[in-house]
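> One structure, pasted below without further comment.
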Amino acid sequence: MFNSILFSGTENLPQGETVDEPSFFLDLNLGRIVEAVTAGREEYNLKPFFYTPLKNIDSIAYRHEVFQDLENQDLFEQIKLFSENMRAMRRFIEFAGKLHYKYQKQRFFLDAVEIYCDAVVRLSRDLSFADLKSSGLSAFRDYATHCVESDDFTSLLSQTKKLKAELASIKYCMHIKGNCIRVRKYDSETDYSSEVEKTFDKFRQEAVKNYRADFPDVPNMNHVEAGVLELVAKLYPEVFSALEDYCAKNGGFRDETIALFDREIQFYLACLEHVRLFAHKGLRFCYPQMDAESREVYVHEGFDLALANKLVAESAPVVCNDFFLESSQRIFVVSGPNQGGKTTFARMFGQLHYLGALGCPVPGRKARLYLSDEIFTHFEKEEDIRNLRGKLEDDLVRIHAILQRATTHSILIMNEIFTSTSLKDATFLSKEIMDKIMQLDALCVWVTFIDELASSSEKTVSMVSTVVRENPALRMFKIVRRSADGLAYAMSIAEKHRVTYDHLIDRIK
């Protein structure tokens, strides 16, 4: 039984589509990723699929299997060709809706049905020869086979081919004199077109100016052509009557499940095409091991996908980072100099877990990730004068709202909170909030300028953004697992303001 190539089983089908992106998309730059992945496929309205994370491991495995089947280039191209034919079919239907003359509209409709039937038959044949491992594509193959062998489909295909052949067999002659056109059936008269071409062939030149006119997007007939066609229809009433009956009876010719597959498979095609953009840069993607219980997570050679999109386009290098949590560890406390990649690391952590929950390949050579119930983010925002709250109060209100909703299965990402208050107050408030998160036992990334938070509990792990040892003002954008000491940050600030020991000695001299 096939229901969806995106969702396994009827119990996992979402109730309606999510049209609004999740609130944390802006902070994690996930909106940019979705825009990049879905570019060129706007007609499929894929974004709701990216707004709907999966809730169980089996559903994620279902998508992983389909992705892995589609890594077969032959199968990928075959399904891509099917999608292109379905797009052509829709274009013909759209053209037909814009035309004014009845018989031209009906002919475009007939062509659309033929494109559809041929596309489904070809896809069914291609899938029958494919070595499929995924339950999703295997189930769809069975459905497509049943569809093309059904009485309704075979009848539709037979009618379509028969009618196309009858229309192609129509021949007629036109006698034009002044403003008068007479149309009659063809009666084995000589076709002079080949004779004319042969006569003028000796005047053919190698390169001549192209005087051909461009046709409009919708090739609508003019009134003279339409009038001729009306006369032809009177000469062959049986064929044109059959065409009219055909269009009236087959308005709903498209199988809803086939149409749904055509839309949903774009999710996989779009993701895989986007992943391939990074292959020539040596950037790896993997299918993460997702776990809904264990919070022992890790990633090797992960990176911020939104930032990588920009850097690859600029031919700039992409810095990869690793992380892992084990045993009772739950919170990464990320410190170090500003502009050193701390926020990028936090975004990467969130992106990886969200893309993993979509069943997508994630940036990294190898990964084990946690399937959370929700992701919460707190990134610095400009003050909103409409709420009449100061910066500190606004931070506290937002964080309180997060802690009210977060559960032990949530992921929290805190980025540089309480920067508007004193170090003493920021330290006190941060410790209070961190205690709440520890009580939840939730996963968390906490980017902070308060080094002592990194060693506050056995649940915390210190991560530090690194600088070039010989020149602390230069960032390496590598986030490493080590104790926070504040030295790199202090040296960077001292270099910036020229108050290091060497600078001071030079100035004294």
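The values are calculated or read from the model by the stated rules, or taken from the named source; none is laboratory data. Quantities reported herein were computed from a predicted structural model and do not represent experimental measurements. Counting neighbours? That spans all protein chains shown, and the Cβs are built from the backbone with ideal geometry, glycine included.
> With (1) in contact with an Asp or Glu (Cβ under 7 Å, 6 or more places away or on another chain); (2) modelled with pLDDT under 95 as the list, and residue 392 as the residue in question, which single condition is left unmet?
So residue 392 meets the others, but not (1).
> On to the next question. Does residue 66 qualify as being touching a helix residue (DSSP H, G or I) at 6+ places or on another chain (Cβ under 6 Å), more than 19 Å from residue 44 (Cβ to Cβ) and in a helix (DSSP H, G or I)? Even if it seems obvious, please write down each step before you answer.
Values: touching a helix residue (DSSP H, G or I) at 6+ places or on another chain (Cβ under 6 Å): yes; more than 19 Å from residue 44 (Cβ to Cβ): no; in a helix (DSSP H, G or I): yes.
No; evaluated as a whole, the condition is false for this residue.
> Ok, one more. Looking only at residues in region 4-40 that are buried (at least 18 other Cβ atoms within 10 Å of the Cβ) and closer than 30 Å to residue 146 by Cβ, which one is farthest from the chain's Cα centre (by Cα)?
Step by step, filter region 4-40, then rank; the result is 8.
> Here is a further query. Kindly indicate the residue of region 92-101 that is crowded, with 16+ Cβ neighbours inside 10 Å and without any contact (Cβ under 8 Å) to a residue 40 or more places away in the chain and also nearest to residue 233 (Cα to Cα) among those meeting that condition. Show your work before the answer.
Here is the first cut: in region 92-101, the residues crowded, with 16+ Cβ neighbours inside 10 Å are 92-93, 95-96, 99, 101.
Filter once more, keeping what is without any contact (Cβ under 8 Å) to a residue 40 or more places away in the chain: 92-93, 96.
On the way: 92: 22, 93: 22, 96: 19 Å.
Once the filter is applied, the top-ranked residue is 96.
> Follow-up question, since we're still on this one. Filtering region 331-342 down to residues that are surrounded by 20 or more Cβ atoms within 10 Å (Cβ to Cβ) and in a loop (DSSP other than H, G, I, E, B), which residue is modelled with the lowest pLDDT? Let's see the steps before the verdict.
Of the residues in region 331-342, the ones surrounded by 20 or more Cβ atoms within 10 Å (Cβ to Cβ) are 331-337, 340-342.
Those still in the list that are in a loop (DSSP other than H, G, I, E, B) too: 336-337, 340-341.
On the way: 336: 87, 337: 83, 340: 86, 341: 91.
Out of the qualifying residues, it is 337.
> Based on this model, can you work out whether residue 247 counts as at pLDDT 95 or above and farther than 28 Å from residue 109 by Cβ? Outline the logic, then answer.
Numbers: at pLDDT 95 or above: yes; farther than 28 Å from residue 109 by Cβ: no.
Answer is no for this residue.
> Right, another one. Among the candidates 260, 305, 277, 272, which residue alone is in contact (Cβ under 8 Å) with a residue 24 or more places away in the chain and surrounded by 21 or more Cβ atoms within 10 Å (Cβ to Cβ)? Break it down stepwise before answering.
On the way: 260 fails: surrounded by 21 or more Cβ atoms within 10 Å (Cβ to Cβ); 277 fails: surrounded by 21 or more Cβ atoms within 10 Å (Cβ to Cβ); 272 fails: surrounded by 21 or more Cβ atoms within 10 Å (Cβ to Cβ).
It is 305.
> Which of the strands (runs of 3 or more DSSP E) contained wholly in region 394-486 include at least 3 residues that are among the basic types (Lys, Arg)?
Numbers: elements: 411-415, 443-447, 460-468, 471-481.
Where strands (runs of 3 or more DSSP E) fall fully within region 394-486 and carry at least 3 residues being among the basic types (Lys, Arg), they are 471-481.
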